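One structure is given below, encoded as structure tokens.
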Amino acid sequence: MKFKPTPLLPMAICIVTTFGDSKCVLPKPKNVPVKEHSSRTESVPSTLTALSVTKPNGPPPYGRRKGWVPHTAEDFGDGGAFPEVHVTQYPIGLGRKGKAVATRSTTTGAPLSLQVNAQGEVQYDAIARQGHAASQLVQTQFKDLVPLRDQANFQSLDTDSLLERPDSQTVRETAERTRAALEKVTQSRIAAAQPKAVTNATNKDPQYIRYTPNQQGGTYNSGSQQRIVRMVEMPVDPFEPQRFKHKKIPKGPPSPPAPIMHSPPRKPTAEEQEEWFVPPSISNWKNAKGFTIPLDKRLAADGRGLQEVQINDNFAKFADALNAADRHAREGVRQRALQQQRLAQKKKDERDQHLRTLAQQAREARAGLVAATEGDDAVLNGRSARSEDGDTGEDEAYRKREEMRQERQREREREARLSHLSTSQRAKAMARSENRDISEKVALGLAKPTGSKESMFDQRLFNMSEGLSSGFKGDDAYNLYDKPLFGGASGSAGIYRPSRGTDSDAYGGGNAEAITEMLQQDRFEHSSTFQGFKGADANRQSSGPVQFEKSQPTAYTAVKSTSDVFGLDQFMEQAKRLKRSSDAPAKPSGSPSKRPRD
Amino acid sequence: MMRPEWHAPWKLMRVISGHLGWVRCISVEPGNKWFATGAGDRTIKIWDLASGNLKLTLTGHISPVRGVAVSPRHPYLFSCGEDKMVKCWDLEYNKVIRHYHGHLSGIYSLALHPVLDVLVTAGRDATARVWDMRTKQCVHVLSGHTGTIADVKVQEADPQVITGSMDSTIRLWDLAAGKTMATLTHHKKSVRALALHPTQFAFASGSADGIKQWKCPEGQLLQTCTGHRTIINTLSVNADGVLVSGGDNGSLSFWDWKTGHNFQSIASQVQPGSLESEAGIFTSSFDQTGLRLITGEADKTIKIWKEDDEAVSPYVATV
């Protein structure tokens, strides 16, 4: 028989210790039972038992408590806990929950006692069977995990007979037993459900009970020896509500769990978790009511927008570097072009200058003014030189000629420049100069600066709260005649509005006052004393435009009109005027200062 | 190692399209003339087994019908559904004659006792209820599971009631006492399917982690068949020792019961107009002869499978 010391059986350990102590007293036993101690004290030799009894049952002395654990109340030997023993200890049951110190029972909550099976093996599965009915099958062994068909002894067995269905006899018995049990339950259920017949207890006959009190005597019981009690059932109101409330009995503790006969679940790998990912829009947990989520909401919810795009800094640096290089290159190109342009300009200027001097010389030679000795510089700066001279003989004519010459020169330069331009540029320049130059128009009085400030604004922009950005009104919007043409102060409203007095004047008066006033008025006032022109009267209030009468022809005008019956004079005048106006634009530039320079 | 028995391969024989919802349960009449199906369209339809013609449509449930059973000893059809109702239909009048009221949530499975006038229903309220057929009384409430009970089977000898639950346990119940006889915790995933062997005193249970066979009175593990890597919705066994498992992805696996050898795997084709994801087998049942397999599928069809007649056993040829 094998024995493993367990904490459940401290007695065995105690015996071992006493055995060790008694080694010196007794002769050495022949067969030392090293590990074959029985768990029961009966199996220990009587001598040893006697010895163990003599030994006081207490804790080992201080310093020899290594590996020793106190289990029973006796182990503490009327003392407290052992601090050097690192297990939970309950000396005299202090602090122990539930049961008292040493009373170990098999009831629930108590520590389980060690059980041994028929072969003497410790039944470790007792803990799994604890709390289960004896009839219940609890699989606790390793062999319960191994499929029967894989077990070695199963192969040899006749599997068909092993797996045979129960015979009819068993089936019948089982059915009978079950039927009886179920019927019992059913009957009780039906009986409980059926309303009880109204008891006829109310009209039960009264019971008479003869009652003899214990204490007899004149003072007791009104002196009588016996009493007769009449017992009547108290009438019950059949409609009386229930006096007692049924309370729901709380559910009892569940049966202990069955041993788990499978390996623990593996942690799902990342791939498996990925496989089981259910989008929240269709998940039964996240969208329990099964609403249809619009696609844009799904996209917004899946967090794709939350991921920020990470761009490497090097991109920005690269772009900067490219920009810088580009700028640098452009700058270089521009500088070079400028340089070349400047060179070309210089060369051209030189050539022009040369040509000009040649032309000047030729002109002067032609004019006979030139002195062969005079240099180019003198010619060019002749005017200033002469002014320096302070020669008063130099007259206005010379200055004018000089100015005209310069003007012509400028003209020539311009033409030369134009001739050097490419055709397209020339066309552009022509087009520009065609409409740009309004100096003549100004001179003729055709072009006038915009007079009023009001006309500077687009009328359509008024009364638009949104401004121009809202656009103009639509084509169909009827805003053309929404205002009077001559509205406001400039209009006729102020002028032609008849005043009240004149109104009544015109229409013969509405009221008596006005009529009497009108009658009393002296209508021939002016004929007696002339006080100047009627229209020039400052005090007079004008109630309308000044009206002129056709004047009578005076003597001179009458002569004139007679002399020019056909309006010839007038016609000539007009023709002259027209000729002058048509001449004016034909002249090349009225004033040279107003010619725009290009 | 045992040599697996040869079985002829199975092939699709007929597709019956008539239901408007998932076909969730099948029950073949004891006379093998017709069979009843319950579906997600809340109807129970009765079909002629030989021709596949619709004979009758029974309406009355207000939620998907999850269990039907034809009684071999009464002219009754029992049905249960997610509307928490158990109905007893009289097939002579085609009317509901009884209701069994008491379930707190949808009922997912139903089984009739072969000897006693008792039916057992089980469902989402984690209880199996034993009903007295005639008095409509709930005789026992078999509680103990911590999850939805997906399947319940009843047999004539102890353990008379077997339940497989989503808490991945199987419980064997003592019907007379209404208590658990044994709890089998070998499965790691929810047990959705149970099948009683017609001749042997054993049963099979299907879960996503495999199919296990159990020896009956004490619930010893007989065998583990792995290889059908999907959620197993249904299991059926015939007397020839062919175990069929129908998966949630429309795969059908055929196993030799004795050795656990997977001799055939078929992927069920969805009917035209269905999505690919609508391949799924919810229920299966052999007919009374065991020569036809009827499956109810997620593409709203009922499919009938049969063994290939022309297939010849290679062992016979060599012998």
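Each value in this text was obtained by applying a stated rule to the coordinates, not by laboratory testing. Note that the structure is predicted; figures quoted are calculated from it, not measured. With ideal geometry, Cβ positions are generated from the backbone for all residues, glycine too; neighbour counts draw on all protein chains shown.
Relative to the Cα centre, what is the charge dipole magnitude of the stretch B:19-101, using +1 at the beta carbon of each Lys and Arg, -1 at the beta carbon of each Asp and Glu, and rounding to the nearest 20 debye?
On the way: 11 positive and 7 negative charges, 24 e Å.
Magnitude of the dipole: close to 120 debye.
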When B:TYR93, A:TYR220 are ranked with the fewest other C-beta atoms within 10 Å first, the list becomes B:TYR93, A:TYR220
Applying 1/(1 + (r/R0)^6) with R0 = 30 Å to the Cβ-Cβ distance of A:MET404 and A:ARG351, what FRET efficiency is obtained, to the nearest 0.05? 0.75
Could you check the spin-label model distance between A:THR516 and B:SER51? Points 7 Å from the Cα along Cα→Cβ, value in nm. 12.4
Got a sec to turn the phi values of the stretch B:163-175 into Karplus ³J(HN,Hα) couplings, 6.51 cos²θ - 1.76 cosθ + 1.60 with θ = phi - 60°, whole Hz, x for Gly and Pro? 10, x, 10, 6, 7, 6, 10, 10, 10, 9, 10, 8, 5
Considering only Cα-Cα distances, which of the following residue pairs are longer than 28 Å: B:LYS45/B:LYS153; A:LYS143/B:LYS306; B:LYS95/B:LYS153; B:LYS95/B:LYS136; A:LYS286/B:LYS87; A:LYS289/B:LYS300? A:LYS143/B:LYS306; A:LYS286/B:LYS87
Normalized C-alpha radius of gyration of the stretch B:19-101, against 2.2 N^0.38 Å? 0.98
Loop only per DSSP, at most 15 neighbouring Cβ atoms within 10 Å: give me the trypsin sites (Lys or Arg not before Pro) in the stretch A:273-308, ordered by residue number. A:LYS286, A:LYS289, A:ARG304
Overall dimensions of the stretch B:183-289 as given by Cα atoms, namely Rg and Dmax in Å: 13.7, 48
How do A:ASP160, A:ASP144 line up, fewest other C-beta atoms within 10 Å first? A:ASP160, A:ASP144
Using θ = phi - 60° and the Karplus relation 6.51 cos²θ - 1.76 cosθ + 1.60, list the HN-Hα couplings for the stretch B:99-116 in order, rounded to whole Hz, with x at every Gly or Pro. 10, 10, 9, x, 5, 8, 8, x, 9, 10, 7, 8, 8, 9, 6, x, 10, 8
Projecting the Cα atoms of B:HIS101, B:ALA50, B:VAL70 onto the charge dipole of the stretch B:19-101, where Lys and Arg contribute +1 and Asp and Glu -1 at Cβ, the residue farthest towards the positive end is B:HIS101
Listed with the fewest Cβ neighbours within 10 Å leading, A:ILE438, B:ILE46 appear as A:ILE438, B:ILE46
Give the range of the longest stretch in chain B that excludes all GluC sites (Glu not before Pro) found in loop regions by DSSP and having at most 12 other beta-carbon atoms within 10 Å. B:93-309
Could you give each residue of the stretch A:422-432 its phi-based ³J(HN,Hα) in whole Hz, using Karplus coefficients 6.51, -1.76, 1.60 with θ = phi - 60°, and x for Gly or Pro? 6, 4, 5, 5, 5, 4, 5, 4, 4, 4, 5
Checked chain B with the C-alpha gyration tensor, a ≥ b ≥ c its square-rooted eigenvalues, rounded below a/c of 1.5, otherwise prolate if a/b is larger than b/c and oblate if not; verdict oblate
